[in-house]
Amino acid sequence: MEKILVVHNRYNILGGEDIAVEKELALLKEFYKVETLYFENNVINYLTQLIAFLTNNNSHSNQLLLQKINQFKPNHIYIHNTWFKASLGIFKIIESHDINLIIKLHNFRYFCTKSFFSRNHLLNNENCKACGMSVTAGIFNKYFKESIIKSILVNIYGNKYFQIIKNNKLKLIVLTKFHKNFLINLGFNKNNIEVIPNYLLIPDNKKSVKKEDYIVYAGRISDEKGVEELINSFLQSNLNRMNLKIIGEGPELNYLANRYKSKKVNFIGSVRNEEVWDIILNSRAVVTATKLFEGQPTLLCEASLLEVPAIFPRTGGIGEFFPDNYPLSFEQFNYDDLIDKINLVSNEEEMNRIGKANKKFINEYLSKIKLISLFKEALHE
């Protein structure tokens, strides 16, 4: 049985990428012998860490990887996140060994200091492509955690990471065709890029469904996610008897909760995944008005598995996870169009049809057999 060493730098706060890595691990272990090397972003010695930041090389991380290679002797090394404790020095260690290297790009950190594109520091409704690479907007706008110093460090990291992943000797995995085309437009070799979405796994639903009159937004409550625009669109819709439930936390939570005190808008805060699934299961629809180029919309895909329709903007790779000519997608930043799509929720028969079609599509698109077949192709091309 072939051996895969999975390398991942966990985030300080458990996020979607960490969860996706764990779910994919469960899948890979059914077909390969798999071991993991995790890094945590705890800082013990600040001077040592600063040097590692500036050089993008962490000698301790390099040593841990070298020990793991000598002990496990993997055929393949599969890397997810390297920011920041793993550092980029691990690629030199891998290069010195005859081991197949695969990298999965979950975000755009190699090109953007905030890991995704947003319109925050550009005018009007333009998606931002200016916060990484050779452009300094990301630095001077304190785009990474509101810190000029941190933005400079991330910008340096992104530039070096970009050069590493453009290497023809490794295989890149991305979540969407949108991301693959983006890389090709940057000059990447299309033959080195495979589209393999994240594996989804939710518990079998054994609870009875009791549909209630509400729709759901679940995610980060921040400007780039368009939560305020979503609230305003909902309040202008014809769903007079329905509520909007907002799950999650973020920098705009207190502001929005105070501004939109209403029986029609309920701020629930952070809840466990199982509770989120229960809330979605009994809803009429899930909805997002994101302003970003999104990758794989995990929550919308999970809603599809529960036969709950999703309303979303046509942006990035979201539409790839839904049937062609999907009736509930809207033009990004066109909030009149969003209102029209929200109004469709009142048609119960049509929503049931869409929900069933979504479940059929996502079960086929993200089937275990299909994903592992794509992964095997990526390993051996």
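The values are calculated or read from the model by the stated rules, or taken from the named source; none is laboratory data. In this text the structure is predicted, and so the values were computed from the model without any measurement. Cβ: placed from backbone, ideal geometry, glycine included. Neighbour counts: every protein chain shown.
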Output the residues belonging to the range 344-381 that are out of contact with any strand residue (DSSP E or B) (no Cβ under 9 Å at 6 or more places or on another chain) and among the polar types (S, T, N, Q). Ser346, Asn347, Asn352, Asn363, Ser367, Ser373
Given (1) assigned to a helix (DSSP H, G or I); (2) crowded, with 19+ Cβ neighbours inside 10 Å, where does Gly316 come up short, assuming only one miss? (1)
Single match in Lys68, Lys73, Lys23 (criterion: surrounded by 14 or more Cβ atoms within 10 Å (Cβ to Cβ), out of contact with any helix residue (DSSP H, G or I) (no Cβ under 8 Å at 6 or more places or on another chain), at pLDDT 95 or above and of a type in the set (D, E, K, R)): Lys68
May I ask you to list the residues in the range 184-220 that are closer than 30 Å to Pro251 by Cβ and touching a residue at least 40 places away in the same chain (Cβ under 8 Å)? Pro197, Asn198, Leu200, Ile202, Glu212, Asp213, Tyr214, Ile215, Val216, Tyr217, Ala218, Gly219
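Among the residues of the range 249-271, which ones are of a type in the set (Gly, Ala, Ser), within 20 Å of Gln236 (Cβ to Cβ) and surrounded by 15 or more Cβ atoms within 10 Å (Cβ to Cβ)? Reasoning before the result, please.
From the range 249-271, those of a type in the set (Gly, Ala, Ser) are 250, 257, 262, 269-270; that's our starting set.
Next cut, within 20 Å of Gln236 (Cβ to Cβ) only: 257, 262.
Ala257, the sole residue that qualifies.
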Given the conditions (1) modelled with pLDDT under 95; (2) buried (at least 18 other Cβ atoms within 10 Å of the Cβ); (3) over 21 Å from the mean Cα position of the chain (by Cα), which single one is not true for Ser87? (3)
Quick check on the range 272-289: of everything there that is within 20 Å of Glu349 (Cα to Cα) and touching an Asp or Glu at 6+ places or on another chain (Cβ under 8 Å), which residue is surrounded by the fewest Cβ atoms within 10 Å (Cβ to Cβ)? Asn282
Filter pass, Glu364 being free of Cβ contacts under 8 Å to residues at least 40 places away in the same chain, within 27 Å of Gln236 (Cβ to Cβ) and part of a helix (DSSP H, G or I): no
Considering residues of the range 336-378 that are in contact with a Lys or Arg (Cβ under 8 Å, 6 or more places away or on another chain) and under 30 Å from Ile103 (Cβ atoms) only, the residue modelled with the lowest pLDDT: Ala378
Per the filter on the range 1-16, residues within 17 Å of the chain's Cα centre (by Cα) and either free of Cβ contacts under 8 Å to residues at least 60 places away in the same chain or crowded, with 21+ Cβ neighbours inside 10 Å (or both) are His8, Asn9, Asn12, Ile13, Leu14, Gly15
Criterion first (buried (at least 18 other Cβ atoms within 10 Å of the Cβ) and either basic (Lys, Arg) or at pLDDT 95 or above (or both)) does Leu292 satisfy it? no
Unique match (being in contact with a strand residue (DSSP E or B) (Cβ under 6 Å, 6 or more places away or on another chain), without any contact (Cβ under 8 Å) to a residue 40 or more places away in the chain and not assigned by TED's automatic domain parsing to the domain that holds Ala20) among Leu300, Leu328, Leu338: Leu300
Exactly one of these conditions fails for Asn189: (1) more than 29 Å from Arg314 (Cα to Cα); (2) at pLDDT 90 or above. Give me its number. (1)
Taking the range 325-361 and keeping only residues that are exposed (fewer than 14 other Cβ atoms within 10 Å of the Cβ), part of a helix (DSSP H, G or I) and among the acidic types (Asp, Glu), one is left with Asp336, Glu348, Glu349
Could you grab me the full set of residues in the range 222-250 that are in contact with a helix residue (DSSP H, G or I) (Cβ under 8 Å, 6 or more places away or on another chain) and not aliphatic (A, V, I, L, M)? Glu228, Glu229, Asn232, Ser233, Phe234, Gln236, Ser237, Asn238, Lys245, Gly250
Could you go through the range 304-321 and let me know if any residue there is assigned by TED's automatic domain parsing to the domain that holds Leu338, over 27 Å from His179 (Cβ atoms) and not β-branched (Val, Ile, Thr). yes
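May I ask you to list the residues in the range 79-101 that are outside any loop (DSSP other than H, G, I, E, B) and touching a His at 6+ places or on another chain (Cβ under 8 Å)?
Taking the range 79-101 first, the residues outside any loop (DSSP other than H, G, I, E, B) are 79, 90-95, 100-101.
Correct list: Ile79, Asn100, Leu101.
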Is there any pair with a first residue in the range 260-279 that is among the aromatic types (Phe, Trp, Tyr) and a second that is in a helix (DSSP H, G or I) whose Cβ atoms are under 6 Å apart and which are 6 or more apart or on different chains, and what are they? Tyr260/Ile231; Phe267/Ala257
